[in-house]
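See below for the structure under consideration.
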Amino acid sequence: MQITPTYDKSQLRELASMVSHAAFKKLSSSSNQSSYIRRMKKYVGWNDMAGDKPAQLGDLIAHSYQILEQNYRHEYIYKNKLLNDYVLKQYLLDDTILLNEFRIGQSIADAVLVNGTNKVFEIKTELDTPERLESQLNDYYKAFTEVYLFTHISLLDKYIRILPSYVGVLVYTEKGEVLEHRAALNNKEYLDASFMMASLRKPEYSKLVKQLVGFIPEATPVFYYRACLEILEELPVEEVQMMYCHILKSRIDRQTNLYLSQGDVPSYVNFSFYQAKYNKNSYLTMINNLSKNLLL
């Protein structure tokens, strides 16, 4: 199927909105996808397509994904590439969690990987600017010790000039590969227990305290958070961070990992599928929708 490069920015933006985590989640919740199909056909240029047209919805999405890979690499493309070509090739999901949109201080990390190590990934696509990068990196090092910038190879020189030498760099190559340009150095200098605790849910930071000192403080609800933080701030920060990562790993969803390992979900939807943690009904709805016949 030949892809014509005659898409304007507005078309590509609309197409990107339909090849996204939010759009794919909807594919798992309803069997009625007529509106989605109509919009997808409109912005992919269905009526002007030469040769054989995609037979099923899954084929149409794959075609759209390929268009975006070549012309409009938005954040979802990068996140899916990170999961498929970096995480799944180097780590075992049974012992690894990849967190999406993880808040640390005033910043939100695009992705955080935790297993025996911990890595933050800040994505800068060709559609992004370096604005706020410095403050983002400063926040990430308060909770994690390895930080990577993930960007397109055409932007490599631009970012190398402004990045601290201890920040690692992954590049998205012209061939669609993910390569490590330089490894991140382990940096524990800026770790801060208050930033770690603030990124956790109440049951998680309660467990963090109990695992480290054997008890949780007796305090009224309004003072409970402060009481937990005071305990953590008295402990060696590296010890806190080690247990913090252990707590995050407890978010691993083994059922999702099992579905992903079965290979029934196309690779272009892997990141969304992994983050959504589908139950059996959602999983089957997604598979059924992707097989919808477009040519009847």
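The values are calculated or read from the model by the stated rules, or taken from the named source; none is laboratory data. All of these numbers come straight from a predicted model, not from anything done at the bench. Glycine gets a Cβ as well: all are built from the backbone with ideal geometry, and neighbour counts include every protein chain shown.
Residue by residue, here is whether (1) touching a residue at least 12 places away in the same chain (Cβ under 8 Å); (2) closer than 21 Å to residue 240 by Cα holds:
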{"site": "120", "(1), (2)": "yes, yes"}
{"site": "125", "(1), (2)": "yes, no"}
{"site": "129", "(1), (2)": "no, no"}
{"site": "169", "(1), (2)": "yes, no"}
{"site": "176", "(1), (2)": "yes, no"}
{"site": "185", "(1), (2)": "yes, yes"}
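Total residues in segment 82-111 satisfying the condition of being closer than 21 Å to residue 137 by Cβ and outside any helix (DSSP H, G or I): the figure is 14.
Among the residues of segment 145-155, count how many are without any contact (Cβ under 8 Å) to a residue 60 or more places away in the chain and either in contact with a strand residue (DSSP E or B) (Cβ under 6 Å, 6 or more places away or on another chain) or among the aromatic types (Phe, Trp, Tyr) (or both). Step through it out loud before you land on a result.
Of the residues in segment 145-155, the ones without any contact (Cβ under 8 Å) to a residue 60 or more places away in the chain are 146-149, 151, 153-155.
Pick out the ones that are also either in contact with a strand residue (DSSP E or B) (Cβ under 6 Å, 6 or more places away or on another chain) or among the aromatic types (Phe, Trp, Tyr) (or both) and you get 146-149, 151, 153.
Selection size over segment 145-155: 6.
In this structure, does residue 285 turn out to be touching a Ser or Thr at 6+ places or on another chain (Cβ under 9 Å) and either more than 13 Å from residue 61 (Cβ to Cβ) or of a type outside the set (Gly, Ala, Ser) (or both)? Yes, satisfied.
Per the listing 247, 252, 287, 231, the residue uniquely part of a loop (DSSP other than H, G, I, E, B), surrounded by 14 or more Cβ atoms within 10 Å (Cβ to Cβ) and of a type in the set (A, V, I, L, M) is 252.
Among residues of segment 269-296 being of a type in the set (A, V, I, L, M) and under 24 Å from residue 251 (Cα atoms), the one that is farthest from the chain's Cα centre (by Cα) is 284.
All conditions in (1) more than 23 Å from residue 150 (Cβ to Cβ); (2) in contact with a helix residue (DSSP H, G or I) (Cβ under 9 Å, 6 or more places away or on another chain); (3) touching a residue at least 60 places away in the same chain (Cβ under 8 Å) hold for residue 45, with the sole exception of (3). Determine whether residue 62 is out of contact with any strand residue (DSSP E or B) (no Cβ under 8 Å at 6 or more places or on another chain), aliphatic (A, V, I, L, M), within 27 Å of residue 175 (Cα to Cα) and not in a loop (DSSP other than H, G, I, E, B). Taking the combined requirement at face value, the residue satisfies it.
Inspect all residues belonging to segment 259-278 and state whether any of them is crowded, with 18+ Cβ neighbours inside 10 Å and not in a helix (DSSP H, G or I). Scanning segment 259-278, I find at least one residue that is crowded, with 18+ Cβ neighbours inside 10 Å and not in a helix (DSSP H, G or I), so the answer is yes.
Listed conditions (1) under 25 Å from the mean Cα position of the chain (by Cα); (2) surrounded by 14 or more Cβ atoms within 10 Å (Cβ to Cβ) are all met by residue 37, apart from (1). Of the residues making up segment 38-59, those that are in a helix (DSSP H, G or I) and over 20 Å from residue 270 (Cα atoms) are 38, 39, 41, 42, 43, 44, 46, 47, 48.
Residues of segment 21-34 that are among the small types (Gly, Ala, Ser) and either surrounded by fewer than 18 Cβ atoms within 10 Å (Cβ to Cβ) or modelled with pLDDT of 95 or more (or both): 22, 29, 30, 31, 34.
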